[in-house]
Amino acid sequence: MKTSKLVNLQEAIQEIRDGDTIFLGGIVEDRRPVAAAMEMVRQQKRNLILLGTCSLSDDILVGGGCIGAYRGCYTSNGAFGISPNMKRAAESGSIVIDDIGHLDLGIALMAAQAGAPFIASKTCIGTDVLNPDYDNLSKVTEIARNQDMLPNKKYILMEDPFFGMGTVQLVPAIKLDICICHVQMVGEEGTVRIDGSLTHDHFAALAANKVIVTAEKVVPESFIRQDPNRNCIPCTSVDMIVELPWGAHPGQVYNYYDMDIPFLQEYANMCSTQEGFIKWADEWIYGIKRHEEYLDKLGASRLEKLRALPPYGYVPRKKGGVK
Amino acid sequence: MTKKYAQIGEYTPTEAMVAHAARFLSNFNGKKGLIGTGLPLVASQLAKMIYSPDMIIFVETGQADANPQELPISIMDSRITYGSSWQMGDPEGLYPLSRNEIDFGFIGGAQIDKYGNVNSTFIGGDYNKPEKRLAGTAGAVDIGVFAKTTVILMAHQKRRVVDSVDYLTTPGWMVKKWPEGTMVRREELGMQGGPSCFISSLGIMKFNEDDKIMYLDQYFPGVTPEDVKANTGYDIDVSRATEAEPILLDEIRLLREEIDPLNIYKMR
């Protein structure tokens, strides 16, 4: 008999331990597990090692003091500026940063997914990403709960022995304790369907020991299995499911809703100082116990304006979107 | 179409930069480009409208032949997904680069040096405690390494256009050979490509054939070669420069009314 994977958000987040290596799905403001990040702040997670990127949901974790170290390739909220909490933490030296390349992030997750120890690339050849003076991997490892999750070297250079493509770097696999994805649809047994960019989710979920999926909709497994080619993560790789409509607000979810631009602008403005972040978090995180309260506070009319219009998957500007 | 020119003062330096970048993209009509976030997205929208309608856009968040119907807000935006030929994830979005399929990459940045190396990671201070932390590598590294050529776009200021970047994010013509960090020609590390030009808010810079140092090729109307010299952090050669064609009223109208009516990209 199958055990149900359906849990509430609090229960799912309780599975995350301090010092875990974590990856949050989606990218920039698209399909980010924002509600899950807010619950992590509420539960006061500490010394997490953030892999991947640091934009909306991840930046909330930095502001909430959850992140000890970051290994990734992007610390920006796109048109809303550099991720404000990360910017402050970096500039005060209070967070360990180890920059890696974007393609290298993807293929290192792919290596973990394939069970391969490393993969060869030319992505960062010639750049300061490979500067030994900026190699903070050992400082990252010190913070990790399970140090075996991190490689013992950032990279090794060698000459391509097969095709004579010059210098290549051997990039170690990126292994994860936890992967949290926010998706459009999940079956009751955990089969995931994503619309729009898969970002790194289809690799990261298979590179993680534990996968938490928050979804706009939980549907009967038999329904999602009618078209398995459209599914992106198999049920066998998903451990916990949380039904969480609007769980990526103020970001967007393709075919469901668009960005809440005023909310994102307010976040960018307020979080330029730690006091501002605390004020913002008091209102939107600490002052709220459950996601439903967050939605009530936003109000139905505000959310309705964000609802995507078919066939676009977003709200076109000419039809009232993005103000 | 008769060309009606805008007067100096009727547009901002950023709008001029974006319009000239869109014109430069006419070199890539029918070619495949990987477009970076920020103003390159804006300029590619303008190029598609008037200079390069058959340009094929790839984006690092996994879209092939993207045809956004309105300006994307970020590098992953539902606006890029809708109407694209193919939507996968970030790795698949970057593979066309590492497969050597991409004819040109188009990026912004925060600092550029005389060899066209671009910094989008940090400025000032130390890596572990920078004065100003920026976005990091994102697609900028991948584009600079793998695209057959790159086009670079950023505001022209003395602290941005420098002798040597604080952090080498996107490789230009002279790059770092590790573990020593010696500066070598990119070909020495088996890298193809290299930047073809830097389009700034003052003019268009290109690279010498022999030593690959950046020189002023064109200055925008209202700007003098001396202005470029005064706003450049190394002794830039301006002796070969000519004045660029003025900005068209149509370019400004499209940018303001059609492409970014809400001024999301703060061009004005």
Computed over the range B:43-119: relative contact order in percent, which uses C-alpha pairs under 8 Å that are six or more apart: 24
Filter on B:48/B:114; A:297/B:132; A:87/B:31; A:175/B:132; A:175/B:129 - keep pairs with C-alpha separation over 32 Å: A:297/B:132; A:87/B:31
Neighbour-count ranking [beta-carbon atoms within 10 angstrom, fewest first] of A:92, B:74: A:92, B:74
Per-selection metrics, the range B:13-259 (Cα): Rg and Dmax in Å: 17.3, 51
Percent of C-alpha pairs per 20 Å bin, the protein assembly as shown, short to long: 21, 56, 22, 1, 0
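For a footprinting-style exposure proxy, rank B:265, B:82, B:215 by other Cβ within 10 Å, fewest first. Spell out each step's value before the answer.
On the way: B:265 18, B:82 23, B:215 15.
Lowest count first: B:215, B:265, B:82.
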Radius of gyration and Dmax over the Cα atoms of the range A:69-209, both given in Å: 16.6, 49
With 10 Å bins from 0: P(r) over chain A, alpha-carbon pairs, percent: 6, 27, 35, 23, 9, 1, 0
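Sort A:257, A:155, A:286 by Cβ crowding within 10 Å, fewest neighbours at the top. Walk me through the numbers before you get to the answer.
Details: A:257 25, A:155 22, A:286 14.
Lowest count first: A:286, A:155, A:257.
What translational diffusion coefficient, in µm²/s and rounded to a whole number, does the Stokes-Einstein relation yield for the range A:149-237 at 25 °C and a viscosity of 0.890 mPa s, taking the hydrodynamic radius as the Kirkwood radius over Cα pairs?
Numbers: Rh = 15.1 Å.
The calculation lands on 162 µm²/s.
Just the Kirkwood number for the range A:221-323, please: inverse of mean 1/r across all distinct Cα pairs, in Å, one decimal. If you can, show how the numbers build up before the last one.
On the way: mean 1/r = 0.0622 Å⁻¹.
About 16.1 Å, per the Kirkwood formula over Cα pairs.
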Built amide H within the under 5 Å cut-off of residue A:76, gap 5+: A:54, A:83
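Quantify how much of the Cα-Cα distance distribution of the range A:261-307 extends past 17 Å, in percent.
Summing the P(r) of the range A:261-307 above 17 Å gives 41 percent of all pairs.
Which value, in debye to the nearest 20, gives the size of the charge dipole of the range A:170-323 about its Cα centre, when Lys and Arg are +1 and Asp and Glu are -1 at the Cβ?
Values: 17 positive and 20 negative charges, 111 e Å.
Here the range A:170-323 has a charge dipole of around 540 debye.
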Residue-wise HN-Hα coupling along the range A:104-119, computed from phi with Karplus coefficients 6.51, -1.76, 1.60 (Hz; x: Gly, Pro): 4, 4, x, 6, 6, 5, 4, 4, 4, 4, 8, x, 8, x, 7, 9
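Based on Cβ point charges of +1 for Lys and Arg and -1 for Asp and Glu, what charge dipole magnitude is obtained for the range B:75-120 about its Cα centre, in debye rounded to the nearest 20?
Values: 3 positive and 6 negative charges, 20 e Å.
So the dipole magnitude of the range B:75-120 works out to roughly 100 debye.
Compute the relative contact order of chain A as a whole-number percentage, counting only Cα pairs closer than 8 Å that sit 6 or more residues apart in sequence.
Working: 690 pairs, mean separation 62.0, N = 323.
Relative contact order here is 19 percent.
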Full-stretch length increase - residue B:65, residue B:235 - with 0.36 nm per residue and alpha-carbon distance subtracted: 57.1 nm
Amide H within-cut-off set for residue A:6, under 5 Å, with H built and near neighbours excluded: A:241
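Every number here is computed from the coordinates shown, using simple stated rules; none is lab data. All of these numbers come straight from a predicted model, not from anything done at the bench. Ideal geometry is used to build each Cβ from the backbone, glycine not excepted, and the neighbour counts take in all protein chains shown.
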